[in-house]
Structure formats: structure tokens, C-alpha cells
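Read through the structure below, which is laid out as C-alpha cells, and then see the notes.
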């Protein structure tokens, strides 16, 4: 069997290895839809990192579909800008293609949500918008009202319009090849226009373009035929499909296989197998940590058994060894590493060089995928480290994410660094966060930092709670306080034995009753939506999720796959949710709240888990250590309770600012 390091030929195009980067939106294009320098940088770092093949993000074929950071290939004037991109990528021996797309229902509904109406309310059939956007309905309580008040409707395309749209795809594909791209990929997954022709709940037509699977393929087959006429015989044509739409009334893998067979017959050279519909099942597209890495690789495996052309697979894979195993097991011919290559674009090179412990592993947080939470100077904002000219002795108190990242970056820049940690472990709050339901992967971030700290020979002293005199005796030029934050509960409720902080509930450091109410509607330390899932899966009876916010999981609003998964869990477990609520009192037998209508409610429960309101430790420590060093700096949670991305950014900005 082949290995991931082996080359592969698609049509007549030879790809140097089988690591792929799939089309992922960056929203970094200029107002005309052309790549900016940030865009080029984001792709170049991946090509330099050793990936064999990458597909540029979905570019619209409509001439008018510009602005908002989206890519556009609907105008000849954009060709030179794309040629600059492809010339850059080809310097590294990487093959690059472009995914092309037509503005339709996805753009229409997202635009309506933002109050922007594009002429894209089209589809194979006029359908129930509410049903077709069920994920929106779950994540945004007012979505149904938006549909009604804005009278959102999908207009059925006639045959002449279908032909005109197919011509747009062909013209766009010609520009793709003229721009120096090696191949064209048609986006026929995730709910795009071609995908909607394939999907039985989008496509209710009874003419040539609807009915059986074969007829539902007719639109994309004709698109492929017109593209081939436009670009000639040499460049490969690929199609991305949702082989399983992950909804009961959509295409499942059985239909996905039939679609793939029809595409092969139509002359498609490679099938990129994905899954999900962004408007209904986004957790298959923006795959959260709750889904195990590689969880969807059975789909390309099934397609590969049915066709004789190369098949790409994807599925939240964050380990190149796993990707290699999938290649050797025959599950795919190319394995796409999307967010993993955003997290660490050097993954292929590091793997080929045997540097496994140096690979940053995507934790599936979905929190920041233009630049990774690991590094504010990565991806689109990549910036090389430079040596410092004024070297300092830096003492760091706290071996959490912030402390270790300051140490790593400062040491790479030439500074003398030591870390002191008062507990017996590193990682700060991360071991606690990783103890929640299916978040064990978060510790991979700590593991990577620990490996880098050891590699750089930075001393970490555990179980050392230094006094002012001890710190002063170390003669630091800079004292960095990175001691984190502490959980708390409201003053009027302190001292009650049946109230636990979120930390206590997760770590089981205090006894929990079997009937639990969770206070706080957001994510970790600002809310307990994930703690509800954790406690529920551990066998506790979660009686309600309550909070003062108007929306559940507001912090995760941009993380559709993660938030959808959690909201679906709460729905399926029938856990009551109270928004805009006030916490009145906690007794031995009940949690008393005031609901959004001002009515007092008693929820029978023996424990309240209070999620939120952390207190930074920095102010007190800053006063304690005043005068021990010429400069004292507060970093991360020590300065202000923050999320992972903000903590790492805080650490990097300081370490990079050193002269």
C-alpha cells in the first residue's frame, strides 16, 4: 500500500506527497475578491511546510459577488493577482487548485442574518426555508421571526437560468487555469448550489434535473462537461461532495456513493469527500473536539471502494501518523489536514523529519482558524521571530499557558528565562478545562509547550511559592506574573455547602448532589454550557441551565460546529434553559430564580454549580513583589481573566516586544 510520503498522479498532474490542505475560507480578500498579501502569506506558509496539494478557498463565479473578504474569480481583472499567488506556491513544488462556487442559498441566508440582501435566493426548487436552515433555528431563537418578517423565500431556477449559471462556472474555471492554478474544483458540498441539486430535500424538481440520484446529478455533470470544454484536456477537474449530509432526509453514504459513480462517469478526475450541510449539520464541517479525529474517514473509504479515481478524505485529523495510517489502510488517496495545517503549517516537514513532538496539534476549539489560538503571529498574520538586541534575565511566576509561552518566545529570542510554579504541575487551568467532556485534546497544547520548554532547556521549578526576598535574590531584570485567576461565587451566596464553583464541579474537589442546576449560559468561566454536557455524561441529573444572558453560548457564536453540538445535546436531553434570569437564593432543596418575565421559580435541586466570575491574582501579587525587579509585568489571566486565544496573544505580544 502507498504511504503519505508517496507521490500520486491525478490525470497527468503529479503531486509530491499525499498531505492535502482543503478549501477553507479566510475572508482575507480585497474588495474586488483578489488575494491580499495576508492571503498569500497564509497559503505560502503551508506550501513551505511541505503539503503536497492545496485547494484555494471557494471563489465566487458571479462577477458581482465581491466584498466582505470573499474570493472572486468572476472577472478577468482578478487574474494577475491570482497569478502572483500561484507563482508563490509553485516555488515550493506544491500543486494548487481553486474551488469555485456560485452565490446561492447559503449566501442569501447568511446575508439576511446580517441585513444584507444579495440576489441569490435561488435553488433547484422553492422550499421551506425554515426546514432548510434548521441549524440556524436552533442556534438563533429569533431566526424564525427573521424568515417571516423578511419574507425569505427560495426561487426555483428555470432551465435557461440553469444553463447560464453553468456557463458562469465554465468561464470561472477558465480564469482559474489562466491564473496559473493546476486544477479546478467545483464546490458541490455543504449546501452550495450544486449540492442543493444533489440533495433530496432541496431538490423537488420533476424534470431532467430532479428525481432519482442520477437525475439530481445532471446539473453538476453538465457543469463538469462545460468546464472541460473551457479549460481543455490537461488540467484535472475535481468535485467536492458531502457524501453524507448527516441529516435524516438528506443524502446518506449510500446516495453519496451513487453520486461519486456518476461523477466518475462524467469525467471527474478526483473526488474530495466531505460531509454535512452548513445550514443543518455544521458539526460535520466545522468539526469540534467532541468528534474524534478521523471520525469521518469511513466516508472516503466507502467512496474509494466504488470508484477508480483518486479520493480525498477529511475529518478533523490532527496527527500526521493517523493520516499516514489512513493512506496505508486504503481509506483515501490524499488526506486533507485543514485546521491542523492552520495550527502548524510545518506538520508535513516535521513528520518527514521525525519531529513528532515538535508538531502543534489542533485541539478542535474552533475559536480562531485564520490565525491559530496557539500563535497570534501564525497563518494569515505570520511573522518570523527575530533575535533581541537587549538580553534580559526574566523570572516567570506561573507555569500555565501564558507563563510557558512567554518563556518559550523570550528564550528563542535569546533571553535568560526561568519559571517557578507553586503547584506540582504545569498547564495552569488547562488540566481543568481538559477534564470536561471530550476536551482531553486541550492538553496537547500543554504537552507541546512542555516539549518546547525542555528542548530549549528552560528550567521549571515546581512546588516553589517564592517569597519577595527569594524573587529579589534571583536578580531578575523582568518579573513576569502569570499566576492565573481563581473561581468565585457571589458574596451573598458564599458559605453555602451546596454551591460549587465550576472548577470544583469539574475536578470533583467538593461533593456534588445528584440533582444539579448550572448557572451561566456561556462557555468556560463565563458560563457552563459545556459543564452541563460534562455533568450529564457523568450521570448527574442536570435540572436546568440558567443565566442572565439572552443567548446560550454567545462566546461560541462563531464556532457553529461546537455550539450546534452542545445545543443539540441540551435539546435531546430535554434540559430546561432559562435566559435573562436572576439568581435569587439557594436552599437545601431548591434553586430559586426569577425568570425573564419576572416570575419567581423554584427548581428542585440539591446543588448549584456556579460558572463564571473569576478573580485575577495579579493586582495583589504586583503589590507583594513591588521593587524586586526594574520591571514587573502581568500576563494572561493574572492580569484579566481571558480565554485561551487572548492569553496566548498576551504572552506573545509581550515576548515579541522585548528589544
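The values are calculated or read from the model by the stated rules, or taken from the named source; none is laboratory data. Source: prediction; values computed, not measured. With ideal geometry, Cβ positions are generated from the backbone for all residues, glycine too; neighbour counts draw on all protein chains shown.
Where helices (runs of 4 or more DSSP H) fall wholly inside the range 197-265, the ranges with 1 or more residues that are crowded, with 21+ Cβ neighbours inside 10 Å, in contact (Cβ under 8 Å) with a residue 12 or more places away in the chain and in contact with a strand residue (DSSP E or B) (Cβ under 9 Å, 6 or more places away or on another chain) are 218-231, 253-265.
For the condition closer than 25 Å to residue 384 by Cβ, modelled with pLDDT of 95 or more and surrounded by fewer than 23 Cβ atoms within 10 Å (Cβ to Cβ), what is the one hit in 92, 56?
92
Only one of the numbered conditions (1) more than 26 Å from residue 524 (Cβ to Cβ); (2) touching a strand residue (DSSP E or B) at 6+ places or on another chain (Cβ under 6 Å); (3) in the same structural domain as residue 397 (by TED's automatic domain parsing) is violated by residue 600, and that is (3). Could we say that residue 149 is in the same structural domain as residue 55 (by TED's automatic domain parsing), at pLDDT below 95 and either more than 23 Å from residue 238 (Cα to Cα) or touching a strand residue (DSSP E or B) at 6+ places or on another chain (Cβ under 7 Å) (or both) here? Yes: the conditions hold for residue 149.
Yes/no per residue for (1) buried (at least 19 other Cβ atoms within 10 Å of the Cβ); (2) at pLDDT 95 or above:
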{"site": "369", "(1), (2)": "yes, no"}
{"site": "379", "(1), (2)": "yes, no"}
{"site": "387", "(1), (2)": "no, yes"}
{"site": "398", "(1), (2)": "yes, yes"}
{"site": "402", "(1), (2)": "yes, yes"}
{"site": "405", "(1), (2)": "yes, yes"}
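Please specify each residue of the range 493-533 satisfying the condition of being in contact with a strand residue (DSSP E or B) (Cβ under 9 Å, 6 or more places away or on another chain) and without any contact (Cβ under 8 Å) to a residue 12 or more places away in the chain. Correct list: 509, 510, 511.
Only one entry of 438, 457, 422, 383 meets the criterion of being exposed (fewer than 15 other Cβ atoms within 10 Å of the Cβ), part of a loop (DSSP other than H, G, I, E, B), under 22 Å from the mean Cα position of the chain (by Cα) and not assigned by TED's automatic domain parsing to the domain that holds residue 340, and that entry is 383. Taking the criterion of being farther than 19 Å from residue 563 by Cβ and surrounded by 13 or more Cβ atoms within 10 Å (Cβ to Cβ), the only residue of the range 133-149 that qualifies is 147. The criterion of being under 27 Å from residue 527 (Cβ atoms), at pLDDT 95 or above and more than 31 Å from the chain's Cα centre (by Cα) does not hold for residue 635.
To keep it simple, each residue is scored yes or no on (1) under 21 Å from residue 599 (Cβ atoms); (2) assigned to a loop (DSSP other than H, G, I, E, B).
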position	(1), (2)
535	no, no
550	yes, yes
558	no, yes
567	no, no
575	yes, yes
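Here residue 585 fulfils each of the conditions (1) not in a helix (DSSP H, G or I); (2) not assigned by TED's automatic domain parsing to the domain that holds residue 522 apart from (2).
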